[in-house]
Amino acid sequence: MPDINVNERQLDEQLAQLEQARPWSPRVISKLETFIRTAPDVEVFRVNPVQYALERSVSEAEALDLFLHATKIGLFEMDWHIVCPHCGFIIDNLHTMKQLRTHYVCAYCGAERDFALDDYIQVAFTISPQVRDTRYHHPELLSIEDIFLNYRLSKDVISPIPAYPTWPEAIEHVTRYLRYIEPGEKVTAELDELPPGVLRAMDGRACLQLTMTDEPSEQASVIPIRLVDGKFQSDDPELQPRSLTRHSMIDQPVQFRYDLQREVPSGKLVFELENREDRRSALCIYHTGRLPPPMLTLRPSLSGKKLLTTQTFGDLFRSEVIKTDETLSIRDITFLFTDLKGSTAMYEQVGDANAYFLVHQHFDALSRVIRDRNGAIVKTIGDAVMAVFDNPVEATSAALEMINALNEFNRTISQELILKVGVHRGHAMAVTVNERVDYFGQNVNIAARVQALADANDVYITADVYHSPGVDDMLKAHRVFPEEVLVKGVSEKLHVYKIGPHRHNH
Ligand SMILES: [Zn+2]
């Protein structure tokens, strides 16, 4: 086993800080310490906190909090990465959310795609090199196999091919040529017995495709290429930049874009490649044959959306925002809006100072519920709260618990506060407004309008929420009243459900 070098003093100090950050369940910190001290390099690099939680019997929410606090302290570093669903390589690796974009052409397979925060945009945590220096902190020293299979390939891809239980095995199987090419170096790669189908050469920035036809040739096809400014170029007039559409394994059209593409007979190929750059190139040539582009799925992991709907992230990383002119799409997120009924009258009755105090106590009560239910507050607007959740079941239970929490709170005060809550889910855009992450889109408007339907101590949820897996089950003990309503700004009637109090209470 290779040496593990831990900076004892730093680890000790930072673990002590981490212990103080919040109350932790028993052994959570000692499990993390053991992990940092003993796990192989590859495991402390890009840690998936969801898998970490599963493997160590820690709750997912606590594991997420653990890595966020550990990052804040400097024990770990947080990375955003964009995974290509058609090859499983990490297309882009970013240190902050500010650098996120949504449109990419994969430099490993040429697939062109728009990404959403809950769709192949992941967040992972790597041990800080000041605490434990690993070989993945020095990618320039890695072997070419390590670079492609462990450093550039996502760890979370589930192999769709039964013959290859892991995705790196599948990639190894299709790889025909792999080596570093030094600046100024010329290499010749001879490849024999290539069947019809797709062959690609790539170096992580440049990508070309040869489409091998059914007509084999006895003679070798010679492919002269050079690497210039991060792209492949060629003097072969048939090799041209091209876009192609292919259908994936699930029959979805996928757009591919290549520096160079042409058809060549199947059989034998001779690549003559020259690296005209002043940096080393890691060249990989792989042949996927007639296999359609896969549509890969990932193991459960921390998506960008999941991070944004975690209150601890908002609390600890306030400066992490989206680039000013960028809008990031989220396919499915749940919004919860609350408001106080008749608060104007209350301000008049008890005076501004008392009302302000009560409203703040009510914010505290709602914040606790939101945090307990793994949501995050987006903002408060007057006496209203806007919150986001990854999971509609948790959003709905948060809504019901808020009503209870406020009823409890009301017992301690003379002036009653009356809450109205609405929940809706759907697609939205995340943006930065006033230096913090906010959301916009028709579903945000609908969520606010649904909240406005509620009267005293009511929770209204839309049909999209009601029909989410697990929600109707959770509401079994409640009386639920379906309604069809027209709300401002939405042309069609909206199906909503008013949730009555717990049956046992009446
Ligand atoms: Zn790709």
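The values are calculated or read from the model by the stated rules, or taken from the named source; none is laboratory data. These numbers were taken from a predicted model, which means no experiment stands behind them. Methodologically, a virtual Cβ is constructed for each residue, glycine included, from the backbone with ideal geometry; neighbour enumeration extends over all protein chains shown.
For region 27-56, the set of residues classified as touching a Pro at 6+ places or on another chain (Cβ under 9 Å) and among the polar types (S, T, N, Q) consists of 48, 51, listed by residue number.
Within region 111-118, at least one residue is within 9 Å of the ligand (Cβ to nearest atom) and small (Gly, Ala, Ser).
Report the residue count in region 83-103 for those that are of a type outside the set (D, E, K, R), more than 9 Å from the ligand (Cβ to nearest atom) and free of Cβ contacts under 8 Å to residues at least 60 places away in the same chain. Total meeting the criteria: 4.
Here residue 86 passes the criteria (1) touching a strand residue (DSSP E or B) at 6+ places or on another chain (Cβ under 6 Å); (2) closer than 18 Å to residue 302 by Cβ; (3) surrounded by 15 or more Cβ atoms within 10 Å (Cβ to Cβ) except the one numbered (2). The condition (being surrounded by fewer than 20 Cβ atoms within 10 Å (Cβ to Cβ) and either at negative phi or under 20 Å from the mean Cα position of the chain (by Cα) (or both)) is satisfied by just one residue among 349, 261: 349. Please work out if residue 38 is away from the ligand (no atom under 16 Å from the Cβ) and in contact with a strand residue (DSSP E or B) (Cβ under 6 Å, 6 or more places away or on another chain). Here the answer is no, as residue 38 does not meet what is asked. When residue 126 is tested against (1) within 16 Å of the ligand (Cβ to nearest atom); (2) surrounded by fewer than 22 Cβ atoms within 10 Å (Cβ to Cβ); (3) not in a helix (DSSP H, G or I), exactly one condition is not met: (1). It is to be established whether one or more residues within region 141-157 are basic (Lys, Arg), within 20 Å of residue 231 (Cβ to Cβ), within 16 Å of the ligand (Cβ to nearest atom) and assigned by TED's automatic domain parsing to the domain that holds residue 48. Scanning region 141-157 turns up no residue that is basic (Lys, Arg), within 20 Å of residue 231 (Cβ to Cβ), within 16 Å of the ligand (Cβ to nearest atom) and assigned by TED's automatic domain parsing to the domain that holds residue 48. Pairing residues of region 53-70 that are within 17 Å of residue 299 (Cα to Cα) with residues that are acidic (Asp, Glu) and at pLDDT 95 or above, at Cβ distances under 7 Å and at least 6 apart in sequence or on separate chains, gives 53/60. Taking region 2-24 as the range and being surrounded by fewer than 12 Cβ atoms within 10 Å (Cβ to Cβ) and touching a residue at least 24 places away in the same chain (Cβ under 8 Å) as the test, the residues that pass are 2, 5, 22. Say whether the condition of being buried (at least 16 other Cβ atoms within 10 Å of the Cβ) and part of a helix (DSSP H, G or I) is met by at least one residue in region 419-436. Scanning region 419-436 turns up no residue that is buried (at least 16 other Cβ atoms within 10 Å of the Cβ) and part of a helix (DSSP H, G or I).
In the list 388, 369, which residue meets the criterion of being outside any helix (DSSP H, G or I), buried (at least 18 other Cβ atoms within 10 Å of the Cβ) and either β-branched (Val, Ile, Thr) or in contact (Cβ under 8 Å) with a residue 40 or more places away in the chain (or both)? Result of the check over 388, 369: 388.
Every listed requirement among (1) assigned to a strand (DSSP E or B); (2) more than 15 Å from residue 454 (Cβ to Cβ) is met by residue 413 save one, (1). Being among the acidic types (Asp, Glu) and either under 28 Å from the mean Cα position of the chain (by Cα) or not in a loop (DSSP other than H, G, I, E, B) (or both) is the requirement here; does residue 401 meet it? Considered against the rule, which asks whether it is among the acidic types (Asp, Glu) and either under 28 Å from the mean Cα position of the chain (by Cα) or not in a loop (DSSP other than H, G, I, E, B) (or both), residue 401 comes out as yes. Only one entry in 16, 39, 21 is under 20 Å from residue 300 (Cβ atoms) and not charged (D, E, K, R), namely 39.
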